[in-house]
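One structure is given below, encoded as structure tokens.
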């Protein structure tokens with residue numbers, strides 16, 4: 001009997017990606033979190049129109065919340081529809097929450113949502129990262145290094 005291949009979370013269906021965060025922040029640690037959604041939110045996510053570019057995560061009363069994420073209303077949802085920018089609770093273990101809050105409170109880091117996707121079981125997951133903000137000169141340096149690595153790869157590929 002053939003075994004079923006276990007897929008990585010990166011192989012799931014990507015819904016939203018926060019590319020701007022990779023430019024503005026240096027990621028220290030990242031975690032996969034569940035997210036509390038209503039039925040119309042899940043259906044809307046399956047259409048793939050969500051946006052997490054301006055969103056952030058924060059701790060309130062011992063829980064972590066995703067704030068300012070945009071999940072559009074489901075067109076067939078009629079009166080049972082959700083609010084597009086409502087706060088959504090993130091599901092994490094207590095040890096994971098403590099680790100994240102330690103980084104935020106002691107070291108002045110930020111909780112940045114990185115990717116929103118469906119895992120291999122079809123469950124919506126959010127990858128959040130503990131991140132440190134980059135200064136303008138750091139952004140330029142990272143950009144130069146990335147461009148040089150890309151050019152170096154082209155040169156090696158063309159010559160070899």
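Read-outs: derived from the displayed coordinates by stated rules, not from any lab. Being a predicted model, the structure only gives us computed values, none of them experimental.
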Percent relative contact order for the range 9-79, counting Cα pairs under 8 Å at least six residues apart, stands at 32
Relative contact order %, the chain, counting alpha carbon pairs below 8 Å whose residues are six or more apart: 30
Need one word for the range 12-135: rounded, prolate or oblate. Basis is the Cα gyration tensor (sqrt eigenvalues a ≥ b ≥ c); a/c below 1.5 gives rounded, then a/b vs b/c decides. prolate
Pick from 147, 138, 17: which residue has the top mean-square fluctuation in a GNM of the chain where Cα pairs under 10 Å get a spring? 147
